Amino acid sequence: MISKAIRLARVGSRSELAAAVLMLLGYPCIMVAALLPGIWLFAAATAVTYVCDWYLHQRGSYLVNRLGKVRAGLPIRFLLRQLMIVLLLARLDLAEEPLFFVAVACFLLFYGLQAPHGALTTLIRLRRTMPIVTRNVDLHAVRIPDAPPQTLLHRSAEKMLHLDIPAVAGILFAAETGRNVFGYAGAAATLALGIAYNALLLPYVRRGRLVPPAPVVLKALDTWLREYQPTVVLYFSGSNESAYQGNMWLETMAAVEGRPLIVMRERNLVPQLAETSVPVVCVPGGTHLMNMDLSTVRVCLYPANVGKNIHMLRVPTMKHVFIGHGDSDKLASVNPYSKVYDEVWTAGRAGRDRYALADVGIRDEDIVEVGRPQLAPIQSWTGTTRNPVPTVLYAPTWEGWDDNPGNTSLLLAGENIVRRLLEADRPVRVIYKPHPFTGIRSARAKAVDARIKEMITKAAQDRAADPRWAKEASAAASGRQAAKAELARIEARLAELERSGHTGGDDSEISRVSLADPARHAEISRLRAEWNDAYWSSFGWWEHRTVSGAQPKLYDCFNQSDAMVSDISSVVSDFIASGKPYAVTDSAQLGAEEFKRQNTAVRAAVILSNSAAELGQLLDAVTDPAADPLAGARRELKGYLLGPDEPTSMEQFNAAVRALTARAEARNAGVAQRVGEQAAPLPDAEAATSGAGDGADQAVAAAAESADPDALTGAPGADASGTAIGAGPSSLR
C-alpha cells in the first residue's frame, strides 16, 4: 500500500511521502486554526509546512515541482500562509490594532522586495553565462571574474521567501502574549534581511563582475583551438540520463592517437562527465558550433544518433564515424540514420553482418571492425567461482520507447528471475543493477524496479539474521569495518581533489579553473581503483546487493559476478568478453531457436522463459564446469561479436583513426587543388584574339582547355564557382 502511494505521489522514499502528506495536510490545518482562531494550532501547522516544504526541496522531490503546475507553487504557498496570518489576526479581534496594520504592511513590502531580488538573480545568471563551458581548456585570453558566492544564488528564490520567518514568528508571538514589540521586531527583521539580500546582490551586476560578451569568449576559444590543433573529436549530445554514453568513451579518447577533443552540446551533462584529461568544450548554440574553427579535425566520432549531430555533420573537412554506445542486436544498432556517416565502426564481424541483414542502406565497405577498447577492464573467467557462494548479476535493460515485450525482461520476468535466484536450493548471492533509464517512460517498469529492490533488501536482511551466516559475518566483521573506513578515507580525498579541480562558483568560473593536471588525474584514477576494491570488501561476499548510480561501474559488477542474467542489449555483448556463463530472457516468447536466430548474442546463452524456470541450467554451469555445455560456444561467439584478441582493440581503434585521417587529408587536398585551378585567372581577352570581336568566345575556350573538365559542367560536390559545397572559410584552411 505504501509502495503504491509512493508511486502515485511521485516521491522517492517513505520519508518523502510522509513529508508530502504532512505538508498537504498542514495548509488545511492552518486555515482551520485561523478560523477558530487557535494560535498554537496555527503555529504548529505553520512550522510543519515550513519544515516539510524545505525537506522536499532539499530532496528535489518531483511532487514539489508538479505543485507549481497546478497553481500551488512555492510563492503561492508562502503567500497563503501570510494571508492566513492576516485572517487569524482579524479573527482575534486585532483588525483595529497597530499589529494588524504592521503585519499587512510588512507582507506587502516584503513581496515588493521579491521583484528586484528576482530581477537581480536572473540578470546575474544571464550575464554570468558564457556561450561555452570548458574543461582542461586554457581561456587565458579572456578575463573571467570570480562568481558570486553560491550561498547567494543557489535556490535563491526559496531563500528569499524564507526570510519571512522572523515576521511570522514575531507576529504570532505578539498575538499570543499581547506584546506587540515582538511583532514589530519580527517585521523589521524580515524587511531588513530582504533589503540586505538585494544589497548583497547589487555589486555582482557591475560590468567588472560579469563575463565577457560572447564574441570575445568565442574568439578566445578559436585562438586556443588554433594553438591546440585537435585532430580527433568525440561529439556527444543527449538527454540528462544519457551521460553514461559519453563517459564510456573517455578512457578511449585519452588513449587515442593525435590530439583528442570532446565536444558536448548540453550544459547539464558537463557536471555528469567523469574525470578526464581530455579537453572538453560544451557549445549549446548550434550557430556558435558551426562557426568554431575545427579546420584541423580529421575524424569526428559519434556515440549516439541524435538530431544535434547535424551541426557537426555539415563540416566536410573531417570524416564522420558512428561508434555507438554499445554493440547489441537491438534495432537501435542498425539505425538507418547511420547512412549519414562516412563510416560505421563495430566491435566485430557480428556488427557487419547485422547491418547486412537489416538492409538499411549501410554499405559493407563503410563498416570497420575495431573491437571494443572499453572492455579491457573486464576480467576473464577462471572456471571457478570467486567465493564459496556464486554471485549472479541481474542487469536488465530499460523498457524502451515502445511497448515491445522483447525490450526488457523486467516487466514480465524480472520478479520471477530474482525470486528464483533468492530461493535457489544452493545459496546464491544476487547483485541487481538496473539500467539508468529504467522507469523514465513506463510507470509499470518503475514499479517493478521498486518491488525488486524491496525483494533484494528483504532477502539481505533475512540472510543477515540467518544463523547459518552468523559465523561468516563474525569472521569478516573486522575486515568489513576496515574496508568501510578505507572507503570513507578515499571518498574524502576524492571529494577534496574534485573541489581542487572545480572550485568555481558557476560554469564560467569552473571553465577558468578546470585545467588539466596530470598528477591530479593520475591520483584520481588510482583512488577510484582503490575505492572499487574497498566498496566490494565493505560487505560480505554472501550479501545481496542493489547497485545503482555511476559507481561502481557495470564492468566492476561483471568482475564480481560468476554469471549474469540480462536482455538483448550491449550488456550481453560486453559480458561475453568475460567468458562467463550467462542467460538471456526471451520476453517476447519467440521460442529458443527463433530467439537465437534473430539475436546473435544469445547463441551461447541459457534461454529463459518469462517464468525463469530454466535458471537451474545457469546455476549448474557456474558451479560445475562439466555441466557447462556452452563454454566452447561462448569462446567462439566472443571472437565473432568482439573481434580478435590480437591486435588489441585500442591498436585496432588507432589504426582505424589513422586510415580515416589519411582519407580526410586526401579529400581536403583534392578539393584545395580543384578550387585553386578554378581560381586561375582567365587569359587576357585582347591577347587571345586577332583584334576582331570582344574575345569572349576565345577566353571561354581557353579556360575550358586549362581548367578541370568537370568545372563547367557541375562537378559533384561543387557549386557554380567550383568551391566544394558546404566548405566554409574554415574548411579550406
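Side notes on the structure shown:
- Per-residue ³J(HN,Hα) for the range 132-138, Karplus 6.51 cos²θ - 1.76 cosθ + 1.60, θ = phi - 60°, Hz, x for Gly and Pro: 9, 10, 10, 9, 6, 10, 8
- Look at Val205, Val430 and count the other Cβ atoms within 10 Å of each Cβ; fewest to most, that gives Val205, Val430.
- Convex hull per residue volume in Å³, alpha carbons only, for the range 307-365: 88 Å³
- Rounded if a/c under 1.5, otherwise prolate or oblate - the range 375-514, Cα gyration tensor axes: oblate
- Percent of C-alpha pairs per 10 Å bin, the chain, short to long: 2, 11, 17, 19, 18, 14, 9, 5, 2, 1, 0, 0
- Furthest towards positive pole of dipole, Leu273, Ala304, Val217, structure part the range 214-375, Cβ charges: Val217
- Hydrodynamic radius of the range 214-375 per Kirkwood, over alpha carbon pairs, in Å: 16.3 Å
- Between the amide H of Thr546 and those of Tyr432, distances stay under 5 Å, these residues lying 5 or more places away or on another chain, with hydrogens modeled in the peptide plane.
- Report summary: the helix-based calculation at 222 nm, which adds -39500 (n - 2.57) for every DSSP H run with n ≥ 4 and divides by the residues of the chain, gives -16000 deg cm²/dmol.
- For the range 252-331, alpha-carbon Rg over 2.2 N^0.38 Å: 1.13
- Tensor-based shape of the range 411-478 (alpha-carbon gyration tensor, a/c under 1.5 rounded, otherwise prolate or oblate): prolate
- Normalised by residue number, the volume inside the convex hull of the Cα atoms of the range 496-579 is 160 Å³ per residue.
- Taken over the range 580-673, the convex hull of the Cα atoms encloses 135 Å³ per residue.
- Ile431, Ile171, Ile165 arranged by Cβ crowding within 10 Å, fewest neighbours leading: Ile165, Ile431, Ile171
- Look at Ser409, Ser611 and count the other Cβ atoms within 10 Å of each Cβ; fewest to most, that gives Ser611, Ser409.
- For the chain, hydrophobic long helices are taken as DSSP H runs at least 30 Å long by C-alpha position along their axis with mean Kyte-Doolittle hydropathy of 0.5 or more; these are 14-35, 98-127, 180-201.
- Cα gyration tensor, the range 23-74 - rounded (a/c under 1.5), prolate or oblate: oblate
- Cut-off 12 Å (backbone N to label point 7 Å along Cα→Cβ of Gln379), residues of the range 536-576: 536-537, 556-562
- Selection from Ala460, Gly194, Phe107, by position along the positive dipole direction of the chain (Cβ): Phe107
- Based on C-alpha pairs under 8 angstrom that are at least 6 apart in sequence, the range 490-593 has a relative contact order of 17 percent.
- Amide N proximity, the range 428-447 versus Glu472 label position 7 Å along Cα-to-Cβ, cut-off under 11 Å: 428-430
- A straight line joining the Cα centroids of the range 429-480 and the range 104-118 runs 50 Å.
- Those residues of the range 411-448 whose amide nitrogen sits under 11 Å from the label point placed on Ala465, 7 Å along Cα→Cβ: none
- Lys/Arg +1, Asp/Glu -1 at C-beta; the chain dipole; positive extreme among Ser15, Gln58, Val181: Val181
- Net charge over other residues, Cβ less than 15 angstrom from the Cβ of Arg207 (K, R count +1; D, E count -1): +4
- Only Lys, Arg (+1) and Asp, Glu (-1) charged, at Cβ; the chain dipole about Cα centre in debye: 2560 debye
- Subset of Lys308/Lys339; Lys433/Lys453; Lys458/Lys580; Lys319/Lys339 violating a 18 Å alpha-carbon distance limit: Lys458/Lys580
- For the range 214-375, size of Cβ-based charge dipole, Lys and Arg +1, Asp and Glu -1, in debye: 360 debye
- Charges were assigned to the Cβ only: +1 to each Lys and Arg, -1 to each Asp and Glu. The resulting dipole of the range 432-580 about its Cα centre is roughly 480 debye.
- The relative contact order of the chain, computed from alpha carbon pairs under 8 Å that lie at least 6 residues apart in sequence, is 13 percent.
- The range 214-375: relative contact order in percent, alpha carbon pairs under 8 Å with at least 6 residues between: 20 percent
Just so you know, all these numbers are worked out from the coordinates, no wet-lab data involved. None of these values were measured; they are calculated from a predicted model. Positions of Cβ are backbone-derived with ideal geometry, glycine not excepted, and every protein chain shown enters the neighbour counts.
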